[in-house]
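Have a look at the structure below, then the notes.
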Amino acid sequence: MPSAPAASPLIVTLDGPAGVGKSSIASRLAGELGIAFLDTGAMFRAAAYTLGEGSWDWTQGILQQKLGDFEFTLRGSGKDTELLLNGQPLPGDIRSEQTGLWASQLAVVPSVRAYMKMAQIFLGQTTSLVAEGRDMGTVVFPGAQFKFFLDADPAERARRRFLQLQAQGKPADLDAILASITQRDDQDRNRSIAPMKPAQGAVVIDTTHISEGEVLAQVLGTVRQ
Ligand code: DC
């Protein structure tokens with residue numbers, strides 16, 4: 001008797017601008033659902049960090065060749081999900097505002113976007129995911145079962161990032177954070193390939209005045225319905 005076809009992986013997409021809290025919600029949501037989460041911003045950050053500042057000026061051919069040496073894999077699930085680059089944890093410093101800006105600049109390069117899209121689709125072919133980024137629902141996983149777009153005022157996003165850095169005992173300058181967030185918003189929204197925007201059919205949640213717990217409850221409520 002032929003065996004039943006394997007169920008396709010569950011894909012939940014979570015897109016939105018810098019500092020809106022996507023990674024935190026994605027990891028908690030993945031924990032509730034018992035699946036992995038994919039932080040695609042970390043993939044762009046790791047590439048920018050590894051290739052070095054100014055890599056977006058390189059020719060498409062050289063970039064393509066360098067990216068060919070990158071292999072991203074996922075291990076574990078929920079908040080314990082680990083994203084590995086060539087079998088190793090991602091470099092530690094990728095979370096800085098500076099690396100975020102480099103990543104945003106690298107992310108406009110067509111060969112980089114094509115490579116990342118391919119790598120992300122590949123991961124989602126075998127693994128159920130909460131995939132968070134800028135173009136998860138629009139470009140990478142247009143057929144995802146659930147799509148969300150989180151947004152918040154830039155000033156509130158800068159404030160959250162400021163508090164997070166302070167809590168970690170790291171230097172934090174609110175004005176500089178706001179300037180960096182605003183620059184990235186502009187770059188990520190206005191690029192010609194895969195600009196950041198809500199996917200068709202995505203549930204849009206303005207998180208400016210609600211807590212992370214409330215956002216999670218809203219997202220979970222929709223997925224479990
Ligand atoms: O989510 P993040 O702040 O870590 O992302 C860093 C940058 O990477 C972001 O400013 C733009 C780019 N990025 C992207 O272009 N597409 C994605 N799916 C995720 C991130």
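Given a 10 angstrom Cα cut-off, can you work out which residue in 107, 26, 179 is the most mobile in a GNM of the chain? The residue that fluctuates most here is 179. Calculated mean residue ellipticity, 222 nm, the chain: -14500 deg cm²/dmol, from DSSP H runs (n ≥ 4) at -39500 (n - 2.57) each, averaged per residue and rounded to 500. A Förster radius of 30 Å combined with the Cβ-Cβ distance from residue 164 to residue 75 puts the calculated FRET efficiency at roughly 0.75. Protection proxy ranking of 136-145, 158-167, by the mean of other Cβ atoms within 10 Å over each peptide's residues and highest first, is 136-145, 158-167.
With the cut-off at 1.5 for a/c, could you classify segment 139-225 from its C-alpha gyration tensor as rounded, prolate or oblate? Note, shape of segment 139-225 comes out oblate. Computed over the chain, the range of Cα coordinates on each principal axis works out to 63, 45, 32 Å, biggest value leading. Counting Lys +1, Arg +1, Asp -1, Glu -1, what net charge surrounds residue 81 among other residues with beta carbon under 10 Å of its beta carbon? It works out to a net charge of -1. Of the beta bridges DSSP finds with both residues in the chain, what % are antiparallel, to the nearest 5? Within the chain, antiparallel bridges account for around 25 percent of the total.
When the pairs 22/170; 22/147; 79/117 are compared against a 18 Å limit on Cα-Cα distance, 22/170; 79/117 fall above it.
Bear in mind these aren't lab numbers, they're just calculated from the coordinates by the rules spelled out. Please read these numbers as outputs of a predicted model, since none were measured by experiment. Because the Cβ atoms are built from the backbone with ideal geometry, glycine has one as well, and the counts that use them run over all protein chains shown.
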